[in-house]
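The values are calculated or read from the model by the stated rules, or taken from the named source; none is laboratory data. The model shown is predicted, which means the values in this text are computed figures rather than measured ones. Cβ: placed from backbone, ideal geometry, glycine included. Neighbour counts: every protein chain shown.
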Amino acid sequence: MNPARALPDFEDHRRQQTRHTTCYMCACRCGIKVTLEDGRVRFIQGNPRHPVNRGVLCAKGNAGIMKQNSPAKLRAPLLRKKNAERGAAEFEEVSWETALDLLTERLARIRNEDPKKLAFYTGRDQMQAFTGLWAEQFGTLNWAAHGGFCSVNMAAAGLYTMGYSFWEFGEPDWERTKYFMLWGVAEDHSSNPIKLGLEKIKRRGARFVAINPVRTGYQAIADEWVPIIPGSDGMLALSMVHVLLSRQLVDRDFLRRYTNAPHLVADTPGGGGDGLLLRDAGGNALVWNAKTNAAAAAPGTEVDAAALSGAFTVDGRRARPVFDLISERYLAEEYAPARAEKICGVAAATIERLALEMAEVAFNQSIEVHTPWTDAAGRRHRSFTGRPVSMHAMRGISAHTNGFQTCRALHLLQSLLGALDCPGGFRAKAPYPRPVPPPGKPGCRARPGRPLDGPPLGFPMRPEDLAVDADGKPLRLDKAYSWEAPLASHGMMHMAITNAVNGDPYPVDTLLLFMANMSWNSAMNTGRVREMLVEKDAGGEYKIPFVAVVDAFHSEMVNFADLVLPDTTYLERHDAISLLDRPISEPDAVCDSIRAPVLAPGRDVRPWQEVMLELAVRLKLPEFVDAGGGAKFRDYRDFITRYEKSPGIGFLAGWRGEDGAQHLRGAPNPKQWERYLEHECFFRHPLPAHMRFYRFANRDYLAFAEDAGFTTDRAPIAIQLYSEVLQTFRLAGRGLYPGPQPNNAADRARLAKYFDPLPFYYAPLDQARDSGGGGEGGEDFLFHAITQRPMMHYHSWDGQNPWLRQILAQNHLYMNRRRAEQLGIGDLSWVWLESRNGKIRVQIKHMEGVQPDTVWTWNAIGKQAGTGGLSADANEAVDGFLLNHLISELLPGDGAGRAYSNSDPVTGQAAWYDLRVRIRAAAPGEHGVWPRFPAAGKLPGMAGGGAGDVHYQTHAAVNIKRPWRDLLTRGHK
Amino acid sequence: MRLGLTIDLDTCVGCNACAVACKQWNASGTTGPLTDLRAYGRDPGGVWFNRIRNFEVGDYPDNKTVHFPMSCLHCEDAHCVSVCPTGATWKRPEDGVVLVDQDKCMGCNYCAWACPYGARELDPASGTMKKCTLCIDRIYDENLPEEERQPACVLTCPTKARLFGDFDDPESEVSRITRQRNAEADNGALLPDLGYTPTNRYLAPREGVKVKAYGGGD
């Protein structure tokens, strides 16, 4: 019997078209195929050929229809009504001409007077190469995207250690790894690639160990869950280092060949060059050649001749190999498992076992990929040896004030196992690895009417590279690259509003925000930040005189705008997901992609990219205008096609050259965009087999990378277990640096302590205030409080999505059941949750899968009523909450008016997860979330979702009738 | 043919991709729309064919978290069919897919009470019962590329925890993996004691993979 027989035609495919583009329901950038029917979206599915998602799509991506249909879509530019207070969300619609005239006039004045008075922060921006270029051309150094409150600790630790990093610049070798350790991934990045990878390792029977205070999501399917106390991962990793060193289970060949383990460090305490590497006249690091008993340049020294331990005298200076320092530090009792157990809450025996399991797999179950290759010293190898132990780590490592050093500790552990960019290990993704750190110091000289002296973000190597004035005062509004956070490679967006309102280091004129919800989930201390946004000076002027917000939807931040510029949705616009920016490459292939509109907006909105180009021309920013002052580029597509960062290198790497025959480097191709459309909106350039591993020292890959413009030379990239950059800053802290140094004891002390050239564990700064840590009466704040990002919501973006909010519309405070029962805190009861910064009222939910000293909740589910089209009594507004209110953006002041930000002292990463809280039952009758904010008013022309029902379909359903014959002959069977 | 799904609880991370893909496809599918109630209001609800239940097994620290997707299991002996007073619910003889003829359904809810798996939902807007159709409007649609003639949930699952196929074919992927992974007589059937003989099968979470420590015994 033909089962398809007699089935009706369900879909009229003649009315349907399919288009490819790139998802933007989160940061993964999966390829999607969109089926349209009569101008509406019938179906969004993963593109099976796309390198990021291979055809799969997450819950968010599958809910794109409801984002497109959101009643909270902005419709037209909005201007705050005359006499309306900021924050009251009383707007009038204005024309684009009016809006752009107003903004141009203001920006032109700022640019001609003092360009840094524009603070331009761009949230979850996927085109930072363009927004950053715009800021540079405008001349302000006050630009950054959201990395400072997201993952800069991961990026900076990786890039300052090995030239690639967790999350975007590397990934586990899912195809070959035999042992996978997942650290602190709070269901966050990355989404589909991690899930695809976990499936692969589960199917192959590889072991999966999850280090995490909470067991949900990925940790649910781990072979072993290790519930760790938040913020102690660095101690756990270094204790594993202790175990490996104590058994001499380290890959000495790997350390000698690819890391600076054999490099000689000056051991001259109190001297100027103390702790710096010894170098020859050509700048080469020196090693001790144990065969000739003499110091020699590292390049050219036989690998097995370089000493890893001992103390030597070179030209009258005492020096020790890096590995000798490593052995001394981590073999100490300080890092013994017995001590780590007390700090991490993980049994000493477990720590020892996990370390030895990894050693077993790395050294007794190594694998070979039989492809001949040549290393940077010209040595031929018959195969790539793999230590099939891999790791991934994210928010739980990143969001602490010790996250940078913790992430460095993980990279040290990986290096000792020889498990970096090898088969089965943690692999790099092009254009990484890059030199350690990548070249380019941050631009910081803002001058009237001129571009900045370089891109606003970069990688300082020494104190001279900081953005500070002659008195050591921060040049940037957010104080990134100041003594307070010298390696703040992603900026410190979380400090922009507080610093501007405090006038510390200076006030600004205009705050321009692009897709950044800074009055809600993207702010620490949200309640206070909302007050600050409307704070006025003695003269009655707002302390931030002008706030312009670019968003596609009615977010909480829109309410605080003076001018709202409405953006398109992701299905309505062009984008370039560029190798110059945040790459989507895979370890085996160089990749980039585009977004192409599949729908017309049908509202008076414009893609922010196009608006930026128009503003650039109006302001005559040099890169965007020709000699006559006219527009150099026709539109965004033309800009992406024709702009060259350096000759032959542009935003998109595929189909370059005038005829489209060149890849990676080549003249602009006027038909490049069409080629991408023909190729389903992505470009994938597979690497030859001999360039797929050990790329930090793979001769042919390094040459290829230079040719492709990924790097500026083809020198090998030595993994810096010992960071000379950190030591250089530490010398400045110790008063031993022959250049800029902090002019106060507090900054000096921070540099001396936290810029340790070897990774170390220290208690997160807020925790160090506990009485146990010698701080002020914090003994009551016994619980760690953290958040996770649910897999079906991307931060606050999806509160407006009826499908996703049906899955999760209220967050609870999850608490270990037994601990809650001991404290008499009932399931689903309401409690007061208090931190040093304030209190909130939340609803408890008991669970087993949470470390007993930890409480947690889903991030950003709480919403302000009225935003996102939600009704005033929506669960998100009435029962859901933000933990943010409890987190101060500042650490306690010194009494003299100085307070450091609540951020990692090395990178400025916002320390969301350092939070400590106490819990007490709410009084009878006290229920519902507190604080609650008044419902935001409706915006002009916006219907609002309200409480109505939705019946979405693109065509009337075609019912499958039960045949009468079937009913009559089979009855009820 | 006996079409159905295997669902691998060993790799399901509870991400809800399958549930939303189902919702998305079937909104404009053969029983669409799938009404969303109070879409932007308090206690939003609506019709879903597939929902993910989350369980914890065992007490801390020996606890395990299990994510459990639940949809119509297309039972061999489907009581939802036998209790239906109008004959709207039927099981196709050709492939075993259990469907609800929307023209005959009067929304009496008997089938929902009969189904022990909670797999049927009343759409208050249409007054009819709606449920998983195994994407019958995808799997037989020859206008779709052959590799896409799969239920939406299967196509989208990021951990490949869902497989679709013919359980009558012993060599089909679903038959083979179900045999390999379930030694027990009930072969991964949910609530076998009830005797409904569900077609969909579940693959239980596996014993954790272990590795010996360096220098340790086997």
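Which residues, taken from region A:21-56, are of a type in the set (F, W, Y) and over 19 Å from A:H955 (Cα atoms)? Let's see the steps before the verdict.
Here is the first cut: in region A:21-56, the ones of a type in the set (F, W, Y) are A:24, A:43.
Result: A:Y24, single match.
For A:S903, which of the numbered conditions (1) more than 14 Å from chain B (Cβ to nearest Cβ); (2) surrounded by fewer than 16 Cβ atoms within 10 Å (Cβ to Cβ) fails to hold?
Unmet for A:S903, out of (1) more than 14 Å from chain B (Cβ to nearest Cβ); (2) surrounded by fewer than 16 Cβ atoms within 10 Å (Cβ to Cβ): (2).
Take the conditions farther than 26 Å from A:K845 by Cβ, within 7 Å of chain A (Cβ to nearest Cβ), in contact with a helix residue (DSSP H, G or I) (Cβ under 8 Å, 6 or more places away or on another chain) and of a type outside the set (A, V, I, L, M, F, W, C) and apply them to B:P33. Does it pass? Give the steps one after another, and end with the answer.
Numbers: farther than 26 Å from A:K845 by Cβ: yes; within 7 Å of chain A (Cβ to nearest Cβ): yes; in contact with a helix residue (DSSP H, G or I) (Cβ under 8 Å, 6 or more places away or on another chain): yes; of a type outside the set (A, V, I, L, M, F, W, C): yes.
So B:P33 fits the description; yes.
Taking the conditions exactly as written (out of contact with any Asp or Glu (no Cβ under 8 Å at 6 or more places or on another chain), among the aromatic types (F, W, Y) and assigned to a loop (DSSP other than H, G, I, E, B)), does A:W288 satisfy them or not? Even if it seems obvious, please write down each step before you answer.
Numbers: out of contact with any Asp or Glu (no Cβ under 8 Å at 6 or more places or on another chain): yes; among the aromatic types (F, W, Y): yes; assigned to a loop (DSSP other than H, G, I, E, B): no.
Criteria not met by A:W288.
Cβ contacts < 9 Å: first residue under 21 Å from A:R582 (Cα atoms) and in contact (Cβ under 8 Å) with a residue 12 or more places away in the chain, restricted to region A:648-669; second residue assigned to a loop (DSSP other than H, G, I, E, B) and of a type in the set (K, R), any location; separation 6+ or different chain. Result?
Between residues of region A:648-669 that are under 21 Å from A:R582 (Cα atoms) and in contact (Cβ under 8 Å) with a residue 12 or more places away in the chain and residues that are assigned to a loop (DSSP other than H, G, I, E, B) and of a type in the set (K, R), the close pairs are A:G648/A:R665; A:I649/A:R665; A:A653/A:R665; A:W655/A:K671; A:R656/A:R665.
Would you pick out the residues in region A:65-105 that are of a type in the set (S, T, N, Q) and either away from every other protein chain (no Cβ under 14 Å) or within 30 Å of A:E535 (Cβ to Cβ) (or both)?
Hits for region A:65-105 are A:N83, A:S95, A:T98, A:T104.
With respect to A:R817, determine if the residue is of a type outside the set (F, W, Y) and within 29 Å of A:A210 (Cα to Cα). Steps first, please.
Values: of a type outside the set (F, W, Y): yes; within 29 Å of A:A210 (Cα to Cα): yes.
Spelling it out, A:R817 is indeed of a type outside the set (F, W, Y) and within 29 Å of A:A210 (Cα to Cα).
Quick one: which strands (runs of 3 or more DSSP E) lie wholly within region A:48-125 and hold at least 3 residues that are crowded, with 22+ Cβ neighbours inside 10 Å and more than 24 Å from the chain's Cα centre (by Cα)? I'd like the intermediate steps shown before the answer.
Numbers: elements: A:78-80, A:91-93, A:118-121.
Those strands (runs of 3 or more DSSP E) do not exist here; none qualify.
Check A:G897, A:G948, A:G925 and return the single one that is under 32 Å from the mean Cα position of the chain (by Cα) and either without any contact (Cβ under 8 Å) to a residue 60 or more places away in the chain or crowded, with 16+ Cβ neighbours inside 10 Å (or both).
Details: A:G948 fails: under 32 Å from the mean Cα position of the chain (by Cα); A:G925 fails: under 32 Å from the mean Cα position of the chain (by Cα).
Of A:G897, A:G948, A:G925, the one residue that is under 32 Å from the mean Cα position of the chain (by Cα) and either without any contact (Cβ under 8 Å) to a residue 60 or more places away in the chain or crowded, with 16+ Cβ neighbours inside 10 Å (or both) is A:G897.
Which members of region A:184-207 meet the condition of being away from chain B (no Cβ under 12 Å) and surrounded by fewer than 24 Cβ atoms within 10 Å (Cβ to Cβ)? Spell out the reasoning first.
Here is the first cut: in region A:184-207, the ones away from chain B (no Cβ under 12 Å) are A:184, A:186, A:188-189.
Scanning region A:184-207 gives a single hit, A:H189.
Go over the candidates A:Q806, A:Q810, A:Q864 one by one and state the one that is closer than 26 Å to B:I52 by Cα and either aliphatic (A, V, I, L, M) or assigned to a loop (DSSP other than H, G, I, E, B) (or both). Spell out how you get there, then give the answer.
Details: A:Q806 fails: either aliphatic (A, V, I, L, M) or assigned to a loop (DSSP other than H, G, I, E, B) (or both); A:Q864 fails: closer than 26 Å to B:I52 by Cα.
After applying the criteria, what remains is A:Q810.
May I ask you to list the residues in region A:1-21 that are more than 10 Å from chain B (Cβ to nearest Cβ) and touching a helix residue (DSSP H, G or I) at 6+ places or on another chain (Cβ under 8 Å)?
A:H20, A:T21
Among the small types (G, A, S) and at pLDDT below 95: does that describe A:A896? Walk me through it before giving the result.
Values: among the small types (G, A, S): yes; at pLDDT below 95: yes.
So A:A896 passes the test.
Limited to region A:615-630, what total is found for residues that are surrounded by 17 or more Cβ atoms within 10 Å (Cβ to Cβ) and not in a loop (DSSP other than H, G, I, E, B)?
Residues of region A:615-630 that are surrounded by 17 or more Cβ atoms within 10 Å (Cβ to Cβ), as a first pass: A:615-619, A:621, A:624-625.
This time we only want the ones that are not in a loop (DSSP other than H, G, I, E, B), so: A:615-618, A:624-625.
Matching residues across region A:615-630 total 6.
What strands (runs of 3 or more DSSP E) completely inside region A:813-857 contain at least 1 residues that are crowded, with 23+ Cβ neighbours inside 10 Å and polar (S, T, N, Q)? Give the derivation first.
Values: elements: A:813-816, A:830-835, A:838-847.
Once the strands (runs of 3 or more DSSP E) in region A:813-857 are filtered for at least 1 residues that are crowded, with 23+ Cβ neighbours inside 10 Å and polar (S, T, N, Q), what remains is A:813-816.
Hey, does region B:166-177 have a residue that's more than 10 Å from chain A (Cβ to nearest Cβ), in contact (Cβ under 8 Å) with a residue 12 or more places away in the chain, of a type in the set (F, W, Y) and more than 24 Å from B:D10 (Cβ to Cβ)?
no
Within region B:69-100, which residues are under 19 Å from the mean Cα position of the chain (by Cα) and either surrounded by fewer than 19 Cβ atoms within 10 Å (Cβ to Cβ) or part of a loop (DSSP other than H, G, I, E, B) (or both)?
Of everything in region B:69-100, those that are under 19 Å from the mean Cα position of the chain (by Cα) and either surrounded by fewer than 19 Cβ atoms within 10 Å (Cβ to Cβ) or part of a loop (DSSP other than H, G, I, E, B) (or both) turn out to be B:S71, B:C72, B:L73, B:H74, B:C75, B:E76, B:D77, B:A78, B:R92, B:D95, B:G96, B:V97.
What single numbered condition from (1) touching a residue at least 12 places away in the same chain (Cβ under 8 Å); (2) assigned to a loop (DSSP other than H, G, I, E, B); (3) under 30 Å from A:P742 (Cβ atoms) fails to hold for A:M495?
(2)
Please go through region A:788-843 and give me each residue that is at positive phi and touching a residue at least 24 places away in the same chain (Cβ under 8 Å), ordered by number. Lay out the reasoning, then the answer.
Initially, region A:788-843 is screened for residues at positive phi, giving A:795, A:824, A:828, A:838.
Residues satisfying the conditions are A:H795, A:G824, A:G838.
If you go through region B:59-68, how many residues are at the interface with chain A (Cβ under 7 Å from one of its Cβ atoms) and of a type outside the set (V, I, T)?
Counting residues in region B:59-68 that are at the interface with chain A (Cβ under 7 Å from one of its Cβ atoms) and of a type outside the set (V, I, T) gives 5.
For region B:146-163, give me each residue that is away from chain A (no Cβ under 11 Å) and buried (at least 21 other Cβ atoms within 10 Å of the Cβ).
In the first step, residues of region B:146-163 are kept if they are away from chain A (no Cβ under 11 Å); the result is B:146, B:151, B:163.
Answer for region B:146-163, where residues must be away from chain A (no Cβ under 11 Å) and buried (at least 21 other Cβ atoms within 10 Å of the Cβ): B:P151, B:L163.
Kindly provide the set of residues from region B:178-218 that are more than 14 Å from chain A (Cβ to nearest Cβ), among the polar types (S, T, N, Q) and exposed (fewer than 14 other Cβ atoms within 10 Å of the Cβ), ordered by number.
none
Give, as residue ranges, the helices (runs of 4 or more DSSP H) completely inside region A:188-255 that count at least 3 residues that are among the basic types (K, R) and at pLDDT 95 or above. Break it down into steps so the answer makes sense when it comes.
Numbers: elements: A:192-204, A:217-220, A:233-246.
Passing ranges, in order: A:192-204.
Step by step: first the residues of region A:531-550, then only those that are surrounded by fewer than 23 Cβ atoms within 10 Å (Cβ to Cβ) and not in a loop (DSSP other than H, G, I, E, B), then the one that is nearest to the chain's Cα centre (by Cα). Which residue is that?
Looking only at region A:531-550, we keep the residues that are surrounded by fewer than 23 Cβ atoms within 10 Å (Cβ to Cβ), and these are A:531-532, A:534-543, A:545-546, A:548.
Now narrow it down to the ones that are not in a loop (DSSP other than H, G, I, E, B): A:531-532, A:536, A:542, A:546, A:548.
Working: A:E531: 28, A:M532: 26, A:K536: 34, A:Y542: 32, A:F546: 28, A:A548: 24 Å.
Looking at the filtered set, the residue picked out is A:A548.
If A:P940 meets every condition in (1) at pLDDT 95 or above; (2) under 29 Å from B:G41 (Cα atoms); (3) more than 14 Å from chain B (Cβ to nearest Cβ) apart from one, which number is that one?
Status for A:P940: all satisfied but (1).
This table checks each residue for (1) touching a strand residue (DSSP E or B) at 6+ places or on another chain (Cβ under 7 Å); (2) within 18 Å of A:P8 (Cα to Cα).
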{"site": "B:Q102", "(1), (2)": "yes, yes"}
{"site": "B:C108", "(1), (2)": "no, no"}
{"site": "B:A114", "(1), (2)": "no, no"}
{"site": "B:Y140", "(1), (2)": "no, yes"}
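Residues that are modelled with pLDDT of 95 or more and more than 22 Å from A:N517 (Cβ to Cβ): does region A:855-865 have at least one?
Yes: one or more hits.
Within region A:633-648, can you find the residues that are crowded, with 19+ Cβ neighbours inside 10 Å and over 28 Å from the mean Cα position of the chain (by Cα)?
Kept after step one, since they are crowded, with 19+ Cβ neighbours inside 10 Å, are these residues of region A:633-648: A:633, A:636, A:639-641, A:643.
Once the filter is applied, which keeps residues that are crowded, with 19+ Cβ neighbours inside 10 Å and over 28 Å from the mean Cα position of the chain (by Cα), region A:633-648 yields only A:F633.
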